[in-house]
Amino acid sequence: MLRRLTGPEALALRDRLVETYAAVFCAPPWNDSPERAARFGELLIDWAGQPGFVAVLADDGGNTGSGADDGTVPGFAVGLTSPTPFPADRAYAQVRRLLGPAVETLSGWLEVAELAVHPAARRVGLGRRLLAELTADRPAWLLTVPQVAGTTAFYDAVGWVRHGTGYGITVYTNRPLPR
């Protein structure tokens, strides 16, 4: 079962979301550090207070499909509305370089900030359902790293439009950009 979360609801589950984040991104092929997982928890505090914050949680009563009833979050997706004008700091600068003037189209669109499916809950379409629910009826974009082929293959398979790879990132949208 998927459910949308408000900012306060997401923050109430923050520790569980960080645990799932760590299970996904601190393992191969991502190999992030435990500090990066903690940083996600800090970012979540900031994101949850922003206008346009949206989160979707996969909640199966604590059962991830692994037989454990330990309260593990099987998966989640988090998004925020991109500011106007489109930012030029952090990774936004690379997005700006890849897309050129078309980048301004992304202002006001939903930025998919995180999508995570616990390893015990994979291969049943959960990532696809989380992404679809998060972005339902809304233009959205995301960036990922091309070094993780499974990730780019996933976004290609779910029909997202690839807008280029460079500067260490690949940019996708859920609809074509205006020309």
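The values are calculated or read from the model by the stated rules, or taken from the named source; none is laboratory data. Just so we're clear, the structure is a prediction, and the values are computed from it rather than from any experiment. Here Cβ is always computed from backbone atoms with ideal geometry, including for glycine, and neighbour counts include all displayed protein chains.
Some points to look at:
- Verdict on Thr64 being modelled with pLDDT under 95 and over 22 Å from Pro178 (Cα atoms): yes
- Residues in the stretch 67-80 that are in contact with a strand residue (DSSP E or B) (Cβ under 6 Å, 6 or more places away or on another chain) and at pLDDT 95 or above: Pro74, Gly75, Phe76, Ala77, Val78, Gly79, Leu80.
- Residue list for the stretch 93-114, filter: in contact with a Lys or Arg (Cβ under 9 Å, 6 or more places away or on another chain) and not in a helix (DSSP H, G or I): Trp109, Leu110
- The listed residue being farther than 23 Å from Ala10 by Cβ, within 13 Å of the chain's Cα centre (by Cα) and surrounded by 14 or more Cβ atoms within 10 Å (Cβ to Cβ), out of Val95, Val171, Val78, Val103: Val171
- Top-ranked residue of the stretch 122-152 - restricted to ones that are modelled with pLDDT under 95 and part of a helix (DSSP H, G or I), ranked as surrounded by the fewest Cβ atoms within 10 Å (Cβ to Cβ): Gly150
- When Gly159, Gly79 are checked against the criterion of being touching a residue at least 60 places away in the same chain (Cβ under 8 Å), of a type in the set (Gly, Ala, Ser) and outside any helix (DSSP H, G or I), a single residue qualifies: Gly79.
- Count of residues meeting criterion [in contact (Cβ under 8 Å) with a residue 24 or more places away in the chain and either among the aliphatic types (A, V, I, L, M) or under 16 Å from Ala121 (Cβ atoms) (or both)] in the stretch 19-42: 7
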